[in-house]
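Input: a single structure, listed below in structure tokens.
The values are calculated or read from the model by the stated rules, or taken from the named source; none is laboratory data. Computed from a predicted structure; not experimentally measured. Virtual Cβ from ideal backbone geometry, glycine too; neighbours counted across all protein chains shown. We work out accessible area using only protein heavy atoms, side chains counted, and drop any ligands, DNA or RNA first. Shrake-Rupley method; radii C 1.70, N 1.55, O 1.52, S 1.80 Å.
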Amino acid sequence: MTASSEPVRGAGAPTRAGRTGTAAKTSAAATFALVFGVAALISVLTVILAWIGLLLGIIGVVLGIVGLKMAGRPGVTGRGVAIGGLVLSALAVLIGLAFGAGITTFLNDEAAVDRMQQQVDDLRDRLD
């Protein structure tokens, strides 16, 4: 028996798409939503790159919504990936907005800025 005459394993068995012989594809938008969500969360948690993380998070939310809609089509999977990307992106946006609000509140408080300036001056005097 040659390799070409042997029956293929799993031939004729239904796949996730419900059809025989074709595999379901994961939505590219769902995958990118997850990638953008992870990148956004890491960027926001570094605080220095919070504005980049906020932007990546917004893009990730949009891609997550598109990924959820695409996952509803026949032959396309990735609903869980889209939900994960959507959750991480939304979390990054919320944390980024909280950091932005906190920094803005701090900078608009003159007493807090004066205390910070006093601490910087004290540290500068210790170095000399």
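Please go through the range 62-75 and pick out each residue that is outside any loop (DSSP other than H, G, I, E, B) and open to solvent by 40 Å² or more (accessible area, probe 1.4 Å).
The first filter runs over the range 62-75 and keeps only residues outside any loop (DSSP other than H, G, I, E, B), leaving 62-71.
Matches in the range 62-75: Val62, Leu63, Ile65, Val66, Leu68, Lys69, Met70.
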Some residue of the range 1-9 being surrounded by fewer than 17 Cβ atoms within 10 Å (Cβ to Cβ) and either at pLDDT 90 or above or touching a helix residue (DSSP H, G or I) at 6+ places or on another chain (Cβ under 9 Å) (or both): no
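So in the range 19-46, with the set limited to residues that are over 14 Å from Ser89 (Cβ atoms), open to solvent by 70 Å² or more (accessible area, probe 1.4 Å) and β-branched (Val, Ile, Thr), which one is farthest from the chain's Cα centre (by Cα)?
Taking the range 19-46 as the starting set, the residues that turn out to be over 14 Å from Ser89 (Cβ atoms) are 19-28, 46.
Next, from what is left, pick out any that are open to solvent by 70 Å² or more (accessible area, probe 1.4 Å): 19-21, 23, 25-26.
Then drop every residue that is not β-branched (Val, Ile, Thr), which leaves 20, 26.
Details: Thr20: 34, Thr26: 17 Å.
By that ranking, first place goes to Thr20.
When residues of the range 47-58 are filtered for being surrounded by 18 or more Cβ atoms within 10 Å (Cβ to Cβ) and either aliphatic (A, V, I, L, M) or farther than 14 Å from Ala82 by Cα (or both), how many remain?
Start the filter on the range 47-58 by keeping residues that are surrounded by 18 or more Cβ atoms within 10 Å (Cβ to Cβ), which leaves 50, 53-54, 56-57.
Of the ones still in play, those that are also either aliphatic (A, V, I, L, M) or farther than 14 Å from Ala82 by Cα (or both) are 50, 53-54, 56.
Residues in the range 47-58 being surrounded by 18 or more Cβ atoms within 10 Å (Cβ to Cβ) and either aliphatic (A, V, I, L, M) or farther than 14 Å from Ala82 by Cα (or both): 4 in total.
Mind checking which residues of the range 76-95 are in a helix (DSSP H, G or I) and either within 30 Å of Ala23 (Cβ to Cβ) or acidic (Asp, Glu) (or both)?
Going through the range 76-95, the residues in a helix (DSSP H, G or I) turn out to be 79-95.
Listed by number, the residues that qualify are Arg79, Gly80, Val81, Ala82, Ile83, Gly84, Gly85, Leu86, Val87, Leu88, Ser89.
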If I filter the range 14-28 for residues that are hydroxyl-bearing (Ser, Thr, Tyr), touching a Lys or Arg at 6+ places or on another chain (Cβ under 8 Å) and at pLDDT below 95, do I get at least one hit? no
Taking interchain pairs and intrachain pairs at least six residues apart, which have beta carbon atoms under 8 angstrom, with the first residue in the range 104-128 and within 21 Å of Val47 (Cα to Cα) and the second among the aromatic types (Phe, Trp, Tyr)? Ala112/Phe106; Val113/Phe106
